[in-house]
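Before any comments, here is the structure.
The values are calculated or read from the model by the stated rules, or taken from the named source; none is laboratory data. Not measured: the values here are computed from a predicted model. Positions of Cβ are backbone-derived with ideal geometry, glycine not excepted, and every protein chain shown enters the neighbour counts. For accessibility, only protein heavy atoms count, side chains too; no ligands or nucleic acids. Shrake-Rupley method; radii C 1.70, N 1.55, O 1.52, S 1.80 Å.
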Amino acid sequence: MIEFALLPTALQAALVVTLVLVEAIALYVGYGMVEDRVAPRVLEAIANTA
Amino acid sequence: MELLGLAPELVVLFVSFGFMVGVFFGFFGMGGSFLVTPALLILGYPAPVAIGSSMAFVFGTAVIATLKHHDVGSVDYKLGALMFAGIVVGIEAGKLLVFGLEAIGRAELVVGVAYVLLLGAIGLVFTRNALKQDAAGEDDGRQDDDIPEIAKKIKSYNIPPMVTLTDGSKASMWTISGVGGGVGVVSGFLGVGGGFIRMPAIYYLIGVPLAAAVGTSLFGALMSGAVGAFSYGLSGVIDIGVVTALLVGSALGARIGSASTAYVDEADVTIYFGIMLLMASAAVAFGELATWLAMPILDTVSFVLLIGSSLFVTTIILYYGAMSVRERKLMAERTPQVEN
């Protein structure tokens, strides 16, 4: 478990919330770019599978 | 070697489980969080850690869902904001209950039993509705703008202070706070977003049209997740490694689940989702029995049931999706081209 032991508890909790927020936005943007590039080819491959 | 503070096999497990949960969330619009807390309990995490980490996961998932829907979603932000105070108080009450039970060594038991009942009840509702749909056909004729009779009745009681909602209708602040607080208690106690209660509550009790109720409930899940993650974060019980691994999987799964709705008829797979929830209920029950009877084999049964049933329904959705993509391609090839 990652802890920010030297910081006040309220700041630790705020950091956890901020970290999750940043992760969620980064994953949304990152997977969005992957989807734009890969999804048409994946659908084509599925459609052409015998 | 550890990754995100977890053993590599646990990272693979959480990313995979997150993917399955994400597919359910993207496809059904629910089903995410109320599988995470039971899974963490079955894996032996203490109840406060399981619930706190699940709340942080709810927050991350709700952020992703809100980003996905913010252009098309119909959200009553004013109503969502008005529920905020109730959500804060409710989540804090739920959290106090968890820590109170933890202090007397009963948190895992009570939360586990609550999950057995909750998953069993929701599973029964889904299975019954799926069977009824199969027997009676599709549409119930309900329009998105309709407001149920019970909501009209509740709205007719003008208990001040009354507030005007975005659609121009009025609602009592007591009803709004009651919905926010009531769902907040469930969220804080079980570590869930609470959409499966909040959405019907907004629709039936506050009287917001169905389309706006779905979007507003999502906004409520975001606030619940943020408040819950902060509140449990104050107690230092959130395992950020678990949350990150789950989010990595669920963000991808939610995209695939959401895309699958364009290819798969929800009615075809709803019954499997209902059965999966019933099996998840049984899985938590086996987990509790494993502790009571000191039979570790039941823990294994519990784990296999939860992961196995989730994997089965994910596979069904992906299989139906792939079949539909192929059928459409074949139909497009068979249909003669019309020249202008």
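Here are the numbers for the structure shown:
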{"quantity": "Within a Gaussian network of chain B (alpha carbon springs, distance under 10 Å), most fluctuating of B:Asp299, B:Asp167, B:Asp239", "calculated": "B:Asp167"}
{"quantity": "Over the stretch B:182-319: Rg over Rh, Cα atoms, Kirkwood Rh", "calculated": "1.00"}
{"quantity": "Average projection area in nm² (convex hull over Cα atoms of chain B, one quarter of hull surface)", "calculated": "21.2"}
{"quantity": "Gyration tensor (alpha-carbon) shape descriptor, the stretch B:206-264, a/c threshold 1.5", "calculated": "oblate"}
{"quantity": "Accessible area in the full protein assembly, largest first, 1.4 Å probe, for B:Arg106, B:Arg255, B:Arg198, A:Arg41", "calculated": "A:Arg41, B:Arg106, B:Arg255, B:Arg198"}
{"quantity": "0 to 90° range, to nearest 10: angle between helix A:9-48 axis and chain A longest Cα axis", "calculated": "0"}
{"quantity": "Extension gain from B:Ala93 to B:Met331, taking 0.36 nm per residue of separation minus the Cα-Cα distance", "calculated": "80.1 nm"}
{"quantity": "Entries of B:Lys95/B:Lys170; B:Lys132/B:Lys152; B:Lys78/B:Lys152; B:Lys78/B:Lys153 with Cα pairs more than 29 Å apart", "calculated": "B:Lys95/B:Lys170"}
{"quantity": "Chain-alone versus full-assembly comparison, the stretch B:231-245, residues with accessible loss of at least 50 Å² (1.4 Å probe)", "calculated": "B:Leu234, B:Ile240"}
{"quantity": "Accessible area that becomes buried as A packs against B, both chains, 1.4 Å probe, Å², nearest 100", "calculated": "2600"}
{"quantity": "Where labels lie 7 Å past Cα in the beta-carbon direction, separation of B:Ala267 and B:Lys78 in nm", "calculated": "3.7"}
{"quantity": "Among B:Met199, B:Met162, B:Met173, residue whose mean-square fluctuation peaks in a GNM of chain B (springs only between Cα atoms under 10 Å)", "calculated": "B:Met162"}
{"quantity": "Cα-centre dipole for the protein assembly as shown with unit charges at Cβ (Lys and Arg positive, Asp and Glu negative), debye to 20", "calculated": "500"}
{"quantity": "Linear extension gain, B:Ser235 paired with B:Arg128, 0.36 nm per residue minus alpha-carbon span", "calculated": "34.5 nm"}
{"quantity": "Difference of contour (0.36 nm per residue) and Cα-Cα distance, B:Glu2 to B:Met173", "calculated": "56.6 nm"}
{"quantity": "Enclosed volume per residue, in Å³, of the convex hull spanned by Cα atoms of the stretch B:278-340", "calculated": "70"}
{"quantity": "Sites B:Leu289 and B:Arg106, calculated FRET efficiency, Cβ-Cβ separation with R0 22 Å, nearest 0.05", "calculated": "0.85"}
{"quantity": "Helical segments meeting 27 Å axial Cα length and Kyte-Doolittle 0.0 threshold in chain B (DSSP H)", "calculated": "B:8-28, B:47-69, B:77-103, B:107-136, B:210-234, B:240-260, B:266-292, B:296-334"}
{"quantity": "Selected from B:Gly90, B:Gly236, B:Gly120 as most flexible by GNM, with chain B as the system and alpha-carbon contacts under 10 Å", "calculated": "B:Gly236"}
{"quantity": "Lys, Arg +1 and Asp, Glu -1 on Cβ, resulting dipole of the stretch B:162-284 about Cα centre, debye, nearest 20", "calculated": "280"}
{"quantity": "Simple spin-label estimate for B:Val304 and B:Tyr319 in nanometres, 7 Å along Cα-Cβ", "calculated": "2.0"}
{"quantity": "Positive-end residue of B:Leu82, B:Met20, A:Leu43, charge dipole of the protein assembly as shown with Cβ unit charges", "calculated": "B:Leu82"}
{"quantity": "Mean projected area in nm² (Cα convex hull; one quarter of hull surface) for the stretch B:74-123", "calculated": "4.9"}
{"quantity": "Sulfur and carbon atoms: percent of accessible area, the protein assembly as shown [1.4 Å]", "calculated": "68"}
{"quantity": "Where Rh is the Kirkwood radius over Cα pairs, Rg/Rh for the protein assembly as shown", "calculated": "0.98"}
